[in-house]
Amino acid sequence: MNFERLLSNGNLPTVSSPHLLAPYDNEGLLDAYSSAVIYASEKASPSVVNIDVFQRGRRFRERDSSLHKAGSGSGFFFTPDGFILTNSHVVHGAQEMEVTLLDGQSHKGRLIGEDPDSDLAVIRIDAVGFKPADLGISQQLRVGQLVVAIGSPLGFQTTVTAGVVSALGRSLRSQSGRLIDNIIQTDAALNPGNSGGPLVNSRGEVVGVNTATIMEAQGLCFAIAIDTAKRVAMQMMKYGRVRRSFIGIGGQNIDIPRNIVRYFELPVEKGVLIVAVEDGGPGQKAGLREGDVIVGFEGQSVEGMDDLHRMLTDERVGAESALSVIRKSEKKMVRVVPQESTKQ
């Protein structure tokens, strides 16, 4: 029987043992996997760049005005006119940046905006005609899906590694202390220098920005979802920063006693204890006090400061918002008008 002819026609013979088809089946799977990785890497690689960061420093207790290399990372074009997306921790504190393209050309980069809270940054080189990466939709990812990471680990430019989406919806704390949501976990190998490079699907579409690894473990690597990166990049290109709101309080996560939870019929057993109120801030103007416990914001439960930060988006700037607080033996609704945060 001509198995090759049957397989090419899409007709599988009925056999008693599946082992008869194993050699052809395995070969087909291997070819499909290889083809997917090759296609994704060849499509996305022309958009990927290496970023070298330079800083001025002091040597031997004397002022040294010369630049020295302080680190490197990766990034990728997302517009044809030189805008590059990367990680905030790659370019933070840089006095100068050198961007090296796939063909070896180098250009000086300048910072457009960075956001340590999401660990994302946008830089630009003053030239045009670049091939931007195709941006995918991270919400459509599925656990087990093939993904490819491209970057410059340890300076080895345009290195390709492949793996799968290990988990979705992870949270990762940025260097600023703020929680980043919707993190993609992958086992595609990442190393220092991969930061800021793209994580792409089998169609060569960027679905994440590679950002972190757990050095003590193997196969635990993380990327910021491209849906988050699109929103952050848009604001940085427009404002040079990410607009967020604040209410001017210092808070501490607490467990609420069960008798209070039952008495007020609270949906959760956690909240935010206000330990400080900023003078002249939105919270003080609204009448918030030290000792109040925030349990809700605009009808949503607040279990901790991370929840509150997540809800204080740019859309809340100047918009009256309802805070649900417990004050001593009362549950009160406080109207507060969040202001734009200037902290970057």
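For residues that are β-branched (Val, Ile, Thr) and more than 19 Å from VAL232 (Cβ to Cβ), tally how many sit in the stretch 73-115. Full working, then the answer.
Taking the stretch 73-115 and keeping what is β-branched (Val, Ile, Thr), we get 79, 84, 86, 90-91, 99-100, 112.
Within this subset, residues satisfying the condition of being more than 19 Å from VAL232 (Cβ to Cβ) are 99-100.
So the answer is 2.
Taken over the stretch 201-217, residues that are more than 15 Å from LYS230 (Cβ to Cβ) and in contact (Cβ under 8 Å) with a residue 40 or more places away in the chain amount to 7. Could you look through the stretch 178-200, keep only residues that are over 25 Å from ASP52 (Cα atoms) and free of Cβ contacts under 8 Å to residues at least 40 places away in the same chain, and pick out the one that is farthest from the chain's Cα centre (by Cα)? Selected residue: ASP187.
Within the stretch 279-298, is there a residue that is of a type in the set (Val, Ile, Thr) and modelled with pLDDT under 95?
Of all residues in the stretch 279-298, those of a type in the set (Val, Ile, Thr) come to 293-295.
Filter once more, keeping what is modelled with pLDDT under 95: none.
No; the residues of the stretch 279-298 include none that is of a type in the set (Val, Ile, Thr) and modelled with pLDDT under 95.
The values are calculated or read from the model by the stated rules, or taken from the named source; none is laboratory data. All values reported here derive from a predicted model rather than from experimental measurement. Methodologically, a virtual Cβ is constructed for each residue, glycine included, from the backbone with ideal geometry; neighbour enumeration extends over all protein chains shown.
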